[in-house]
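**Q** Okay, handing you the structure first.
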Amino acid sequence: MTAERTVPSTGVPPRDHGSSPVSVMPPRDTAGGLRLSGPRPSARPASPVPLLLADAAAALLGTLALSGTQRHSLLVVLLIATSLLLRPRGGRPPVPGLLEELPAVCGRVAVAWLAPAALWAAYRPEHALSAGTVLTGLVLQSAGGGAQREAVHGRRRAALRRHPHAALV
């Protein structure tokens, strides 16, 4: 755009519209009818408890892969504690999808099964976990954890749809 198009020529008088080209509504008092909304309260962060319960239930589901002689209380506690300690902390999108979260869940579950299995084999070599047991537990816990985490995130997405927040686009 050139200056000739933006600056009115000196020979033509400017048009008078009678008002400013920018329209701003003045704030009215509460008796006038128009009430300006105040600042909305900030949204509460999502509670970590449902995901913690989902991960604990998935770890319990994974321990079903242990046979009767391997189902020692110390090993079960070690598997569940390792699973819960490897949970992600913050910095995530509020409601990720299942496919976004599945690789991380499977990686955490693999570490949660392989590390205790190695410790258990060092502690009790006669009751070491077989590869089939570890893989079965890994698959059970990954599937259960993914399904339960998706259920928690689905409920959160439904709550966000019921109570949308304003957005400036």
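**Q** If I filter segment 113-133 for residues that are within 26 Å of the chain's Cα centre (by Cα) and under 23 Å from ALA46 (Cα atoms), do I get at least one hit?
**A** no
**Q** Next question, about the same structure. Taking segment 122-155 as the region of interest, how many residues are of a type in the set (Lys, Arg) and open to solvent by less than 60 Å² (accessible area, probe 1.4 Å)?
**A** So the first thing to find is which residues in segment 122-155 are of a type in the set (Lys, Arg), and the list is 124, 149, 155.
Narrowing further to those that are open to solvent by less than 60 Å² (accessible area, probe 1.4 Å): 149.
Number satisfying all stated conditions: 1.
**Q** Continuing with the same structure: Could you list all residues from segment 79-121 that are in contact with a His (Cβ under 9 Å, 6 or more places away or on another chain), buried (at least 17 other Cβ atoms within 10 Å of the Cβ) and farther than 19 Å from ARG149 by Cβ?
**A** The one that is in contact with a His (Cβ under 9 Å, 6 or more places away or on another chain), buried (at least 17 other Cβ atoms within 10 Å of the Cβ) and farther than 19 Å from ARG149 by Cβ: TRP120.
**Q** Checking the structure you have, find out if any residue of segment 156-169 is open to solvent by less than 40 Å² (accessible area, probe 1.4 Å) and either of a type in the set (S, T, N, Q) or in contact with a helix residue (DSSP H, G or I) (Cβ under 7 Å, 6 or more places away or on another chain) (or both).
**A** First, the residues of segment 156-169 that are open to solvent by less than 40 Å² (accessible area, probe 1.4 Å): 158-159.
Those still in the list that are either of a type in the set (S, T, N, Q) or in contact with a helix residue (DSSP H, G or I) (Cβ under 7 Å, 6 or more places away or on another chain) (or both) too: none.
No.
The values are calculated or read from the model by the stated rules, or taken from the named source; none is laboratory data. Small disclaimer: the values here were computed from a predicted structure and weren't measured. Glycine gets a Cβ as well: all are built from the backbone with ideal geometry, and neighbour counts include every protein chain shown. Please note that ligands, DNA and RNA were not included when accessible areas were found on the heavy atoms of the full protein model with its side chains. Shrake-Rupley method; radii C 1.70, N 1.55, O 1.52, S 1.80 Å.
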